[in-house]
1. Under 6 Å by Cβ, and 6 or more places apart or on different chains, what pairs join a residue from the stretch 59-71 that is without any contact (Cβ under 8 Å) to a residue 40 or more places away in the chain with one that is open to solvent by 30 Å² or more (accessible area, probe 1.4 Å) and not in a strand (DSSP E or B)?
2. For Pro120, which of the numbered conditions (1) at pLDDT below 95; (2) surrounded by 14 or more Cβ atoms within 10 Å (Cβ to Cβ) fails to hold?
3. Among residues belonging to the stretch 73-103 that are without any contact (Cβ under 8 Å) to a residue 24 or more places away in the chain and among the acidic types (Asp, Glu), point out the one that is nearest to Glu47 (Cα to Cα).
4. Can you tell me which residues in the stretch 78-98 are surrounded by fewer than 16 Cβ atoms within 10 Å (Cβ to Cβ) and in a helix (DSSP H, G or I)?
5. Keeping to the stretch 9-44, report how many residues are surrounded by 10 or more Cβ atoms within 10 Å (Cβ to Cβ), more than 17 Å from Lys55 (Cβ to Cβ) and β-branched (Val, Ile, Thr).
Amino acid sequence: MKNRTKWILLSIVILVLVLIGLHRFYLYVHEDIWQGENEAVQRARQEAGLTEAEKVWKSVWDKVCWVVEGKDADGQEIMVWLPEGGQAEVKLLSEGVSESQVRTIIHDQYPGIEVVRLLPGIYNNELVWQLFYKEKAHHYYRFFRFSDGQALEEVFTLPNR
């Protein structure tokens, strides 16, 4: 009976150590992302007067750009584009198309696609929503203007694997 109890306790200790190790690995992997998000929110607070952050995205296309959605001191919904090495650009959400509105536009115009990812960004120095989607066996990138939700002409096709 003593031998069995030792094995059970040893198994529990090993399981706890493995779980702690997995937790530490998870924190290590996500640390840079969380730090980048926090720095983007801080920068948006300083440069754009953001008081409350709701969502943060990182877009990489022409250049790396963080985008923060939140509220300003007046309680208005704003989006702040923070390109690396560039000036912050602030837009009221009412001046453009929100994420839910662009999702509706996408669903209406492209009913047979599977949306993989949708995030705001900058494409050719224009504020856009960047759509990554799958249609049949192919993956595509398409951009929609933030200002009016219109799709840009360019479509980028990824090669099949």
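The values are calculated or read from the model by the stated rules, or taken from the named source; none is laboratory data. The shown structure was predicted, so the numbers you read here are calculated from the model rather than taken from an experiment. In this analysis, Cβ positions are derived from the backbone assuming ideal geometry, glycine residues included, and neighbour counts consider all displayed protein chains. Note: accessible area is taken over every heavy atom of the protein model, side chains too, but ligands, DNA and RNA are not part of it. Shrake-Rupley method; radii C 1.70, N 1.55, O 1.52, S 1.80 Å.
1. Hits for this filter: Val64/Glu84.
2. Answer for Pro120: the failing condition is (1).
3. Looking at residues that are without any contact (Cβ under 8 Å) to a residue 24 or more places away in the chain and among the acidic types (Asp, Glu), I get Glu84.
4. Initial filter on the stretch 78-98 (surrounded by fewer than 16 Cβ atoms within 10 Å (Cβ to Cβ)): 84-87, 92, 94-95.
Listed by number, the residues that qualify are Ser94, Glu95.
5. Looking only at that region, the number is 6.
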